[in-house]
Amino acid sequence: MDIQYSKLKMLRKQNGYSQEEIAEKLGVSRQAVAKWEKGESLPDIESCVKLADMYGTSVDILIRKIKEEEHRDGKHIFGMCKLNDKGQITLPVSCRKVFNLNPGDSILVLGDEDKGIALINMKNSFENI
C-alpha cells in the first residue's frame, strides 16, 4: 500500500507542524520527512502510528490511497486545491461536474473554525421565494 505523500504534507500543514518538528518528534531527519512528503520513500510502521496519533487520524486513513472519483453516500473527495495570492481557488473539474457549477454561478461560503469551510451553490436557491 502506498502512502499518499500529498496527504502527509497536507496533514502536517493542517496541524501546524514544520518538517523539523515532525522529524524531532519521530526521531528521524528532516530529510526523511521531506522524502516521505515527496513520495521518494515511506515511513516505517512505527512512524505511521505516531503520525496518525499526532494528526488525530487512523493509520488506515493515513496510508490508504483516496482516488478522486471515490465517494460514499454522496460524500466526495475531489483532491487538493491551492489558494493563490488573491485568496482564490480553482475547483477540480470533477467537482464542478458533480455539483453542476458553471462560470458566473453564485457560491455561498460558510465557515466553522472546528469543521472547516463549506461552499453552497446558490443556483435555484431563490426560485421558490
Completion exercise
When the stretch 37-52 is checked residue by residue, the ones that are outside any loop (DSSP other than H, G, I, E, B) and either modelled with pLDDT of 90 or more or over 13 Å from Leu8 (Cα atoms) (or both) are Ile45, Glu46, Ser47, Cys48, Val49, Lys50, Leu51
Completion exercise
The residue that is modelled with the lowest pLDDT, considering only those in the stretch 72-126 that are part of a loop (DSSP other than H, G, I, E, B) and of a type in the set (Gly, Ala, Ser), is Ser125
Handout entry: Output for the stretch 33-47, where each listed residue is hydrophobic (A, V, I, L, M, F, W, C) and crowded, with 18+ Cβ neighbours inside 10 Å
Key = Val33, Trp36
Completion exercise
Scanning the stretch 87-116 residue by residue, those closer than 20 Å to Lys13 by Cβ and surrounded by fewer than 10 Cβ atoms within 10 Å (Cβ to Cβ) turn out to be Gly87, Gln88, Gly111, Asp112, Glu113, Asp114, Lys115, Gly116
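The values are calculated or read from the model by the stated rules, or taken from the named source; none is laboratory data. The structure displayed is predicted, hence computed values, not measured ones. So basically every Cβ, Gly included, is an ideal-geometry build from the backbone, and we count neighbours across all protein chains shown.
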